[in-house]
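Trainee: One structure, as structure tokens, below. Some questions next.
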Amino acid sequence: MNTVHDPTPHDPTPRDPARHLIRYGGSFSPELIARAEGSFVYTADGRRILDFTSGQMSAILGHSHPEIVATVSRQVATLDHLFSGMLSEPVLELAARLADSLPAPLEKVLLLTTGAESNEAAIRLAKLVTGKHEIVSFARSWHGMTHAAAAATYSAGRGGYGPVSPGNYALPTPDAFRPDFTRTDGTLDWERQLDFGFGLIDAQSVGSLAACIVEPILSSGGVIDLPPGYLAALQRKCRERGMLLILDEAQTGLCRTGDWYAFQRDGVVPDILTLSKTLGAGLPLAATITSAEIEQTAHDRGFLFFTTHVSDPLVAAVGNTVLDVLERDRLDERATAAGKLLREGLRDIARRHAVVGDIRGRGLLQGLELVEPGDPDAGADRLGAAVTRRCFELGLHMNVVQLPGMGGTFRIAPPLTASDAELGLGLEILEQAIAESV
């Protein structure tokens, strides 16, 4: 018998999430989760649910990976947390290994906890080093909920909180499925769109452009894979204006797209790289990585980012184990092969169901966009919600983009360790849910 909670006279409704929890966005899952293993989570009642989001897009090695479990058990009994100015071997090792995995000049590492925190540090670095304050990001961006990261986030959460940091500007998102600038053949003219976007930014700027922060694949923005050549063109725009380019690889880093880092496809090296989610494989670990030159300038100017859990040894040890498994099991190659299998399965579903408007993404980060029957230009929020509910009932956890008009876009990101059979099961459930929800 699975017992989640032993109610007491002072706790009459222990399973009611609204009783004591602050609601922090969206709605809570209808069932309590008691445990997780591999590609599945298990409810308190013992029901098995295939996890097609790797937790919060993070558990790239699946849940409760035995080597992660062993590392946590060993490290927490040896050295878990330190004063922020103290260093440990796991921290030094992880910093060196991350630097070795990246192209020059990225070699200086700051180890933190969350993606928002790593982006906050990156923006803070950029402002200090350039001596400027204006930040550019996509109009459908999501970079976190802390101050500077939230100011650079446009996809949600801006209304009602008062002024954000001054000098934040939005670039139009290069969405090939719903293009706003088109060539004569109807395809997205991203070059003209990018020129237009920076024309608007130049008109608004007070001459203090510090940095541009983007994801190589916008995840919360709809799994929008930047067109080949876009990042290089964006970097040129930045250099023309004395800006730094920050790439946020919270969800795309560490093999998920089939490359160790998504920016490798484009031959572009950012000035600052941020990692999170995948680095800890589900545990709170993030990194801000930059060049020795930028780090030296920041240090000379008194860079400050003292946090409670900066350079913590416990999660650093986990990060080293994550790298061990990724390297040994060649999970970049696995993500490529499994991604092809997943992509073909999604395309098969699209061929059989006209409500599937688009399939996009790379490796094991795929997007599927639904459209309303008979109206491909309309958002499919209602249909997306119905498919999500039915998937959960059938034993598959899916995640739709939580933006008005985009609730029919699914973010599909299984663990890199998911088997072909598990991918097939997920595709089978997804197709059944679509067929029963239209």
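The values are calculated or read from the model by the stated rules, or taken from the named source; none is laboratory data. Because the structure is a prediction, the values reported are computed rather than measured. When we count neighbours, we look across all protein chains shown, and the Cβ atoms used for this are built from the backbone with ideal geometry, even at glycine. What goes into the accessible areas is simple: the full protein's heavy atoms, side chains included, and nothing from ligands, DNA or RNA. Shrake-Rupley method; radii C 1.70, N 1.55, O 1.52, S 1.80 Å.
Trainee: Can you spot the lysines whose alpha carbon is less than 24 Å from LYS108's alpha carbon? Ignore those fewer than 8 places along the same chain.
Mentor: Within reach: LYS127, LYS132, LYS277.
Trainee: Report, ordered by chain and residue number, the aspartates and glutamates lying within cross-link reach of LYS237, taken as a straight Cα distance under 16 Å and ignoring same-chain residues fewer than 8 apart.
Mentor: Correct list for LYS237: GLU134, GLU191, ASP195, ASP202, ASP266, ASP271.
Trainee: Still on this structure: Could you work out [θ]222 nm for the chain from helices alone, using -39500 (n - 2.57) per DSSP H run of at least four and dividing by all its residues? Round to the nearest 500 deg cm²/dmol.
Mentor: Helix contribution divided over all residues of the chain: -11000 deg cm²/dmol.
Trainee: Would you list PHE83, PHE305 from the most to the least accessible area, probe 1.4 Å?
Mentor: Of PHE83, PHE305, the descending order of accessible area is PHE83, PHE305.
Trainee: Okay, moving on. Protein chains only, probe 1.4 Å: how do LYS340, LYS277 rank by accessible area, largest first?
Mentor: Ranking LYS340, LYS277 by accessible area, largest first, yields LYS340, LYS277.
Trainee: In what sequence, largest accessible area first, do THR53, THR388 appear using a 1.4 Å probe?
Mentor: THR388, THR53
Trainee: Which order, highest average first, do 231-239, 307-315 follow once you tally other Cβ atoms within 10 Å for each residue and take the mean per peptide?
Mentor: Highest to lowest by the protection proxy: 307-315, 231-239.
Trainee: Still on this structure: Rank by packing, highest mean first: peptides 364-372, 25-33, with packing defined as the count of other Cβ atoms within 10 Å averaged across residues.
Mentor: My ranking of the peptides, most packed first, is 364-372, 25-33.
Trainee: Taking amide H atoms as placed 1.01 Å from N in the peptide plane, list the residues 5 or more away in sequence, or in a different chain, whose amide H sits under 5 Å from that of SER276.
Mentor: Sorted by chain and number, the residues that satisfy this are ALA250, ALA287.
Trainee: Let me ask you something else. Return the loop-located chymotrypsin sites (Phe, Trp or Tyr not before Pro) in the range 157-243 (DSSP other than H, G, I, E, B) with at most 15 other Cβ atoms within 10 Å of their own Cβ; answer none if there are none.
Mentor: TYR161
Trainee: Ratio to report: Rg/Rh of the range 184-249, with Cα atoms as the point set and Rh obtained by the Kirkwood method; give two decimals.
Mentor: Ratio of gyration radius to Kirkwood radius for the range 184-249: 0.98.
Trainee: Now for a separate question. Solvent-accessible area per residue for the range 200-246 at a 1.4 Å probe radius, Å²?
Mentor: 31
Trainee: Next question, about the same structure. MET86: accessible area at probe 1.4 Å, nearest 10 Å²?
Mentor: Around 100 Å² of this residue is reachable by solvent.
Trainee: If you roll a 1.4 angstrom probe over the protein chains with everything in place, what fraction of the accessible area of the chain belongs to carbon and sulfur, to the nearest %?
Mentor: The C+S portion of the solvent-accessible surface of the chain is 54 percent.
Trainee: Taking a cut-off of 23 Å, what percent of all Cα-Cα pairs in the range 69-329 are separated by more than that?
Mentor: Everything past 23 Å amounts to 51 percent.
Trainee: Once Rh is set to the Kirkwood radius over Cα pairs, what Stokes-Einstein translational diffusion coefficient, in µm²/s, holds for the chain at a temperature of 20 °C and a viscosity of 1.002 mPa s?
Mentor: My calculation gives 94 µm²/s for D.
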